[in-house]
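Scroll down for the structure; my scribbles are underneath it.
The values are calculated or read from the model by the stated rules, or taken from the named source; none is laboratory data. Not measured: the values here are computed from a predicted model. Neighbour counts are summed over all protein chains in view; Cβ atoms, including those assigned to glycine, are modelled from backbone coordinates with ideal geometry. What goes into the accessible areas is simple: the full protein's heavy atoms, side chains included, and nothing from ligands, DNA or RNA. Shrake-Rupley method; radii C 1.70, N 1.55, O 1.52, S 1.80 Å.
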Amino acid sequence: MENMHFIKSLMVMSITFILLVCGSKADVVCDTTDKAMTCQYDIPKKIPPGVTEVYVENHGEVHLNRNSFSDPSWKHILILQIYQNKTTTNSIHVYDSAFRGLDSLNVLGIHTRKFSMGDIPGRNIFRGLENITELDFSGCVTLNSTFVASSLMWDGEFTKLRTLNLNEVNTFCGGRSIHFSQLFIDMLVNRRIQNLSLRKTMIQFQPFVLKGDSKVTHLDLSDTSYSISSPPGDVFVPFLQLFMNVKSLNATQMFPSFWRGDRFRFSNYHCTDCTELHDVYAFNLFFIENIFANYVLGDTGFPVEIINSTFNLTCSMNLKVLQFRGNNVRRIQGTTFHWPNQNFLSYIDFTGNKMSFLSSNVTRGLANLKTFLLGENRLSDMSSSPEFINLFANCLNLEKLVLDRNGLSYLPESIFLRNKMLTYLSLKGNLLRKVTFNTKHLKNLRYLDLSDNLIHVLDEQSMNYLNDVIHFQTNLSINLEGNPIECSCNSAPFIEWIQKKSLYMSGRDTMLNCKLEGRVVDIDDKTAAKTKFMCIRALVYVSISLAVVIAIAIITIALIAVSKLIKRRRKNDQVRRFLKNYQNNQIKEKFLCLLSYSNTDSTVAIEHIYRNLNETLKEITGLESDSVCIDERHFRAGAEIVAEIMRCVSESCVIVFVVSKSFCQSNWCCLEVKEAYEQQKPIVLIFCEEVDDNEMSAHLKQMFQRYTRAKLVQQDEDVNVQPGGWEGLCDSIIHLASRQYAEQLE
C-alpha cells in the first residue's frame with residue numbers, strides 16, 4: 001500500500017515538472033536571425049550577443065516597469081517593436097521609468113488595442129529613451145494623446161526624436177480623439193518633430209498659439225476625421241502657420257467639408273494674381289514639395305469641372321509631386337495654367353478621375369515634368385477634338401506616360417511627336433486594335449505596354465511602327481499579353497513577326513498565346529509554321545476540292561451518259577425485238593394502235609390523223625398492211641358495237657384518242673376510254689381543240705395526268721402534230737407498244 005502511494009506521488013511530481021518545463025518554454029519562443037530576434041507571447045528577459053533588433057508578436061498581458069529591461073544585454077538594442085494579435089484583447093501597461101536600460105534605443109513601437117501609460121502625466125514614463133529617434137504608437141486605440149504630449153514635454157530632453165507615428169490611434173473608441181491642444185502643439189515645436197503621421201485617426205482641433213517655429217516637414221493626415229471646438233478661423237489660421245514648413249503632405253481621403261461641392265466647379269474663372277489662390281485653397285501649396293490628395297472629393301457627388309478659366313501660378317513654388325487620384329475631376333477644358341518659370345513639378349497623377357477632357361494648356365511651362373499618370377479616365381471622349389493631338393505637346397521632357405483604361409480605340413499619328421524623351425508608355429486595357437501612332441522619334445522608349453487591348457492582328461503599318469522603336473533600343477520591352485491574338489492565315493505575318501521579335505516581348509519567361517482553330521496555344525516556332533502553312537493549306541484544299549468537284553462532275557456526266565446510252569440501247573433493242581416479232585406476227589395484237597374519235601371529228605381523224613399515222617408507221621415497220629385500226633375499216637358489219645370496241649381495243653397495242661369537246665360528250669367514246677383503261681393499254685391523247693378539265697370524264701382526267709399527250713396544229717395547208725411531228729408520235733407509239741410487250745414477257 002505504501003508502494004502505491006509512493007508511485008502515485010512520483011507520477012504527480014513528474015507530470016508537474018514536465019508542465020512547468022513546457023510552460024516555461026511556451027512563455028517566450030524566440031527566433032534569432034542575423035541581428036534581429038523575433039519572440040512570441042512575451043518580452044525576453046535577456047538578449048543574445050549581437051542582436052540589435054527585438055520584435056515581440058502576439059503578446060499576452062504585459063506590464064512594463066523599471067525591471068523589464070534591467071538586464072545589461074538590453075543596452076545595445078536599437079529597435080523594439082511590440083505587436084498584438086488583432087484577435088486578442090490583451091493590454092500593455094507602462095509604468096514610471098519602464099524604459100530605463102534601453103540607453104541605445106532609436107525606434108520604439110507599441111501596437112496594441114489596450115494601452116495605458118502610468119497614473120499621472122509627465123511622471124518619468126519615457127525616462128531612459130534620450131536617444132530615441134522614432135516613437136510609433138500605431139494601432140493603440142486607447143492611447144491618451146495628452147499623456148504622450150505631457151510625458152514628452154517633461155520626461156527628458158529627447159533631442160534626437162524626429163518621428164511620431166499616431167496612426168489608427170483612438171479609432172473606434174467612442175468619443176476619444178487626438179487633441180490638437182496647446183500642450184500637443186508645444187510638444188511638436190519643442191521636441192522638433194519632423195515626421196508626424198496621424199493616418200486614420202480622429203482629431204479634435206482646439207485653439208492654440210504658436211510659440212515657436214514648427215519643424216514638421218512630413219505630415220500624414222490621410223483618412224482622418226476631425227471635429228472643431230471653436231470657429232474654423234480660430235483653428236485653421238494657426239494650423240497653417242504650424243505646418244508652414246511642411247514639404248510632404250498626405251491628405252488622402254481627408255479634406256474639410258467646406259472645400260467640397262460647388263467650390264470646385266469653376267467656369268470662366270480668371271485668377272490673374274497668384275496670391276488670389278490663398279482664398280481658394282486652405283493649404284499654402286506653394287511651399288509644399290509633395291502633395292498626396294487622393295480620393296478627397298470622390299464622394300462629394302459633385303464633379304470637379306474647370307472650364308474656360310485661367311490660373312496664375314507664377315508665384316514662387318516648390319511643388320514636385322502632385323497626386324490627385326480618384327477625385328472626380330471630369331473636365332479641365334479651355335483652361336490655361338501659368339506655371340512659374342522656375343518650377344520643379346516632375347510628377348502628376350490624375351488616375352481614376354473619370355476625366356473626359358484635359359486641356360493641353362494645363363501642362364504649359366512644366367519643363368521638368370517627368371511622370372504623367374492618366375490611367376482609368378475617359379479621354380476617349382475627347383479623341384474627336386483637335387486638342388487631343390496636342391494633349392502632350394508641352395511635355396517635352398516627359399519620361400513616363402500612363403494612359404491605361406481610357407477607352408481609347410485610336411491614337412493620332414503625331415500624338416507623341418514632341419515626347420522624344422519618353423522611356424515608359426503604357427496603353428494597357430484600352431480598345432486598340434492596331435498601332436496608329438508614329439514611333440520613329442521615340443528613340444529612348446524602353447517599355448511599351450499594349451496588353452489587354454483588342455489586338456487580333458497587327459497590320460504591316462503597325463509592325464513597321466514597332467520596328468522603328470526596336471531599331472533604336474536593344475533592351476526594349478513590348479507587352480502584348482491579354483490580347484485576343486488570332487492565329488490564322490491572315491495573321492501569319494504578325495505571328496512570324498512576334499516569333500522573330502520575341503526578344504522584345506515582356507514577360508520573356510512566359511510565352512504569348514493565340515487562338516488557333518479554337519484552341520489556345522503558345523506562340524512559338526511550331527505555331528508560326530502552322531499559320532504560314534494554313535495559307536498554303538487553304539490553296540491546297542481549294543485545289544483538291546476543285547479537282548474532286550471536277551472529277552465528280554466528269555464521273556457523274558459519264559455515268560449519266562452511259563446510263564442514257566444503256567437505256568437508249570436497251571430501248572432500241574426492245575423496239576427492234578418488238579418490231580421483228582410484230583412483222584413475223586409473233587405477238588397477240590394485230591394493230592400497233594387503235595384510233596378512237598368522235599363522229600363529229602371523223603374528217604380530221606381520217607383524212608389527217610389516220611392517213612399520216614398509217615403511212616408513217618408503214619415506213620417505220622416496212623409492212624404494207626394497216627397498222628392503225630379504225631372503226632370505219634375494221635369494225636365488222638352487223639356485229640354488236642360494244643363487242644367490236646372490246647375486240648379492237650384488245651387487238652391494238654396502243655390506244656390513240658382524238659380528244660375534243662364532242663369526244664368528251666360521246667358515250668361510245670367514253671366507253672372506249674373506259675375499256676382501254678381497264679385493259680391497261682398504253683394511251684396517247686391527241687387534242688384537236690382546247691378542252692376544259694371539267695368536260696372530261698373521270699377516266700379521261702386520269703389519262704390526261706398520266707399518259708402521253710399531243711396537239712394538232714395547222715401548218716400552212718397541212719395539219720401536223722406537236723411535239724415531235726408524225727414521226728415523233730409514231731416513235732412514241734412504237735416505244736409504248738414495245739415496252740408493253742416486254743412487260744408481258746416478264
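The angle between the Cα long axis of helix 525-583 and the longest principal axis of the Cα atoms of the chain comes to about 10 degrees, rounded to the nearest 10. If you take the Cα centroid of region 576-633 and the Cα centroid of region 720-746, the two points sit 12 Å apart.
Report the extension gain between residue 515 and residue 142 in nm, rounded to one decimal, defined as 0.36 nm multiplied by the number of residues separating them, less their alpha carbon distance.
Numbers: separation 373, 0.36 × 373 = 134.28 nm, distance 5.89 nm.
Taking residue 515 through residue 142 to full extension adds about 128.4 nm, to one decimal.
Calculate the dipole size of the chain relative to its Cα centre from +1 charges on Lys and Arg beta carbons and -1 charges on Asp and Glu beta carbons; express the result in debye to the nearest 20. Before the final figure, lay out the partial values.
Working: 77 positive and 78 negative charges, 516 e Å.
The dipole magnitude comes to about 2480 debye.
Based on Cβ point charges of +1 for Lys and Arg and -1 for Asp and Glu, what charge dipole magnitude is obtained for region 488-597 about its Cα centre, in debye rounded to the nearest 20?
With Lys and Arg at +1 and Asp and Glu at -1, about 1200 debye.
Cross-link partners of residue 618 among lysines, defined as those whose alpha carbon lies under 16 angstrom from its own and excluding same-chain residues fewer than eight positions apart: 580, 590.
Using a Förster distance of 51 Å, how high is the FRET efficiency between residue 409 and residue 533, based on the Cβ-Cβ distance and rounded to 0.05?
Details: r = 33 Å, r/R0 = 0.64.
Computed FRET efficiency for residue 409 and residue 533 comes out at 0.95.
For trypsin sites (Lys or Arg not before Pro), the sites in region 355-443 that DSSP calls loop and that have at most 15 other Cβ atoms within 10 Å are 364, 420, 440, 443.
Where only protein heavy atoms count, and the probe is 1.4 Å, what is the accessible area per residue for the chain in Å²? Mind dumping the intermediate values first?
Working: 37640 Å² over 746 residues.
Each residue of the chain exposes 50 Å² on average to a 1.4 Å probe.
The coefficient of translational diffusion for region 331-455, derived via Stokes-Einstein from the alpha carbon Kirkwood radius under 25 °C and 0.890 mPa s, stands at 169 µm²/s. For region 414-422, 3J(HN,Hα) computed residue by residue from phi via the Karplus equation (6.51, -1.76, 1.60; θ = phi - 60°) reads 9, 5, 10, 4, 9, 9, 6, 8, 4 Hz, glycine and proline entered as x.
If 631, 299 are ordered by their accessible area, calculated over protein heavy atoms with a 1.4 Å probe, which sequence runs from highest to lowest?
Output order, biggest surface exposure first: 299, 631.
Applying the Kirkwood pairwise sum to the alpha-carbon positions of region 503-638 produces a hydrodynamic radius of 22.9 angstrom. Taking the C-alpha atoms only, the angle from helix 641-650 to the longest principal axis of the chain is near 60 degrees. Simple rule: put +1 on each Lys or Arg Cβ and -1 on each Asp or Glu Cβ in the chain, find the dipole, and look at 556, 572, 464; the Cα lying farthest toward the positive end is 464.
Determine the gain in length on full extension of the stretch residue 79-residue 269; use 0.36 nm per residue of separation and subtract their C-alpha separation, reporting nm with one decimal.
Between residue 79 and residue 269, full extension yields 63.1 nm more.
Rounded, prolate or oblate: pick one for region 639-686, where a ≥ b ≥ c are the square roots of the eigenvalues of its C-alpha gyration tensor, a/c under 1.5 means rounded, and failing that, prolate if a/b is larger than b/c, else oblate. Oblate, since a/c reaches 1.5 and b/c is not below a/b. Using a probe of 1.4 Å, the accessible surface attributed to residue 690 totals some 130 Å² when neighbouring protein chains are kept in position. Using a cutoff of 8 angstrom between alpha carbon atoms and counting only pairs six or more residues apart, the relative contact order for the chain works out to 4 percent. Rounded to the nearest 10 degrees, the inclination of helix 145-154 to the longest alpha-carbon principal axis of the chain is 40 degrees. Beta-bridge orientation, the chain: approximately 10 percent antiparallel, per DSSP, counting only bridges with both partners inside.
Please state the shape class of region 187-247: rounded when a/c is under 1.5, otherwise prolate if a/b exceeds b/c and oblate if not, all from the C-alpha gyration tensor. Write out the running numbers ahead of the final one.
Working: a/c = 1.91, a/b = 1.12, b/c = 1.70.
Here region 187-247 falls in the oblate category.
Surface calculation, 1.4 Å probe, protein heavy atoms: residue 244 sits at approximately 80 Å² accessible.
Give the residue list of GluC sites (Glu not before Pro) in region 368-472 that are DSSP loop and have at most 16 other beta-carbon atoms within 10 angstrom. Numbers along the way, then the final one.
Details: sites: 376, 387, 399, 413, 460; in loops: 376, 399, 413.
Here the GluC sites (Glu not before Pro) that fit, given the DSSP loop and packing criteria, are 413.
Dipole size of region 148-211 about its Cα centre, with +1 on Lys/Arg Cβ and -1 on Asp/Glu Cβ: approximately 180 debye, rounded to the nearest 20. Heavy-atom accessible surface of residue 701, to the nearest 10 Å², is about 80 Å², with a 1.4 Å probe and all protein chains retained.
Across 568, 537, the residue with the most accessible area heads the list, and the full order at a 1.4 Å probe is 568, 537.
Rounded to two decimals, the Cα radius of gyration of the chain over 2.2 N^0.38 Å is 2.02.
Calculate for the chain the 222 nm mean residue ellipticity that helices alone would give, adding -39,500 (n - 2.57) per DSSP H run of length 4 or more and normalising by residue count, nearest 500 deg cm²/dmol. Show your work: numbers first, answer last.
Values: 14 runs with 209 residues, N = 746.
-9000 deg cm²/dmol, from helical runs alone.
Remark: spin-label model distance residue 607-residue 36 equals 13.1 nm, labels positioned 7 Å along the Cα→Cβ axis.
Note on surface exposure: 214, 116 rank 116, 214 by accessible area, highest first, 1.4 Å probe. Within region 466-527, the GluC sites (Glu not before Pro) that combine a DSSP coil assignment with at most 12 other C-beta atoms in a 10 angstrom radius are 517.
Which of rounded, prolate, oblate describes region 588-724, given a ≥ b ≥ c as roots of the alpha-carbon gyration tensor eigenvalues and a/c under 1.5 marking rounded, otherwise prolate only if a/b is larger than b/c? Before the final figure, lay out the partial values.
Numbers: a/c = 1.44, a/b = 1.02, b/c = 1.40.
It is rounded, given that a/c, with a ≥ b ≥ c, falls under 1.5.
Counting chymotrypsin sites (Phe, Trp or Tyr not before Pro) as exposed when in a DSSP loop with at most 12 other beta carbons within 10 Å, what is the longest stretch of the chain free of them? Here the longest run is 282-746.
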